[in-house]
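> Please read through the structure below; I'll follow up with questions.
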Amino acid sequence: MISNPIGSAPGEPYVLPAPRDPGGPYRVMMVCTGNICRSAMAEMVLLDRLGAAGLAGRVEVASSGVSSEERGNPMDSRARRLLLSSGYGEGRDGGGAVAARIASHRAHRITDAEIAGSDLILAMTASHERELIRRAQRAGVVIDEPEGVRGAGRRILMFREFDPERAADLAAIAEGLVSRSRLDAPDPWYGGMEDFEDTLATIERVVDELTPALSALMRDR
């Protein structure tokens, strides 16, 4: 069973699960279906924000899919064009890491080793979340912290649990009034550029909530 959504009272900082390796970087994994649109875009936006926050090297971000259907393919050309036209990859991260990552991105299906090695896995939909939890349990990967360990407890979450525009949905989910699919991030692959723009706006909104939580976590280490 999935516990209540992450976070505490409205307006208070999110509390992230503790790192698996206290001496290593904190590892964040973004996950969607094929790893060419949503998760790849989220990876690039967070990479940009980590550079701006001085967290490059201390927090690592990667992305993957639950399917191997796009294995080896680059990022969707519409997603790539939008990121570049929005200023991602201009070297504002301090070392051109975003530009290099955009150019070299190749889609892949998440591995059991990646599930086991990630400190925080963010799924774009409830079905992705269920699949990741099923995979983790089948592989014997511990995805919930034991009682009393600092952190919110769950390592596999939905990406939009950090979306300030979904606060009401989080409360309703906690009360069992609506399903977790209310937090789904729609797949822009089926639409046009307007859908990709909406997706990027959602990603930026979420990442701008996630980054301060990561900064707070790393400040405590």
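> Once phi is turned into θ = phi - 60°, what whole-Hz ³J(HN,Hα) does the Karplus curve with 6.51, -1.76 and 1.60 give for every residue of the range 64-73, x standing for Gly and Pro?
Calculated HN-Hα couplings, in order: 6, x, 8, 10, 9, 4, 10, 3, x, 7 Hz.
> What value, in deg cm²/dmol to 500, does the helix sum -39500 (n - 2.57) over DSSP H runs of n ≥ 4 give at 222 nm once divided by the residues of the chain? Show your work: numbers first, answer last.
Details: 7 runs with 86 residues, N = 221.
For the chain, the value works out to -12000 deg cm²/dmol.
> Within the chain, which is the longest segment containing none of the GluC sites (Glu not before Pro) that sit in a DSSP loop and have at most 12 other Cβ atoms within 10 Å?
1-89
> Once phi is turned into θ = phi - 60°, what whole-Hz ³J(HN,Hα) does the Karplus curve with 6.51, -1.76 and 1.60 give for every residue of the range 124-141, x standing for Gly and Pro?
Once rounded to whole Hz, the list reads 7, 9, 5, 5, 4, 4, 4, 5, 5, 5, 4, 4, 5, 5, 5, 8, x, 8.
> Related question: Whole-Hz ³J(HN,Hα) for each residue in the range 35-42, computed from phi via Karplus 6.51 cos²θ - 1.76 cosθ + 1.60 with θ = phi - 60°, x for glycine and proline: what do you get?
Result, rounded to whole Hz: 6, 10, 10, 4, 5, 5, 5, 5.
> Roughly how compact is the range 66-126, stated as its Cα Rg over 2.2 N^0.38 Å to two decimals?
1.31
> Kindly identify the range 24-138 as rounded, prolate or oblate by the Cα gyration tensor criterion: order the square roots of the eigenvalues as a ≥ b ≥ c, call it rounded if a/c is under 1.5, otherwise compare a/b with b/c, prolate if a/b is larger, else oblate.
oblate
> Something else now. Under a 5 Å amide H to amide H cut-off, with H placed in plane at 1.01 Å, what residues pair with MET158 once short-range neighbours are removed?
For MET158, the qualifying residues are ALA123.
> On to the next question. Which residues' amide hydrogens lie under 5 Å from the amide hydrogen of TYR26, considering only partners 5 or more residues apart or on another chain, with H built in the peptide plane?
Under 5 Å from the amide H of TYR26: VAL59, GLU60.
> Right, here's the next one. Here are a few candidate values for Cα Rg over 2.2 N^0.38 Å: (i) 0.95; (ii) 1.01; (iii) 1.07. Which one was actually calculated from the structure I just gave you?
(i)
> What are the residues whose amide H is under 5 Å from the amide H of GLY96, where those residues sit 5 or more places off or on another chain and H is modelled from the backbone?
Under 5 Å from the amide H of GLY96: GLY91.
Bear in mind that the values in this text are calculations on the coordinates, not laboratory data. All of these numbers come straight from a predicted model, not from anything done at the bench. Don't worry about glycine lacking a Cβ; one is built from the backbone with ideal geometry, like all the others, and counts go over all protein chains shown.
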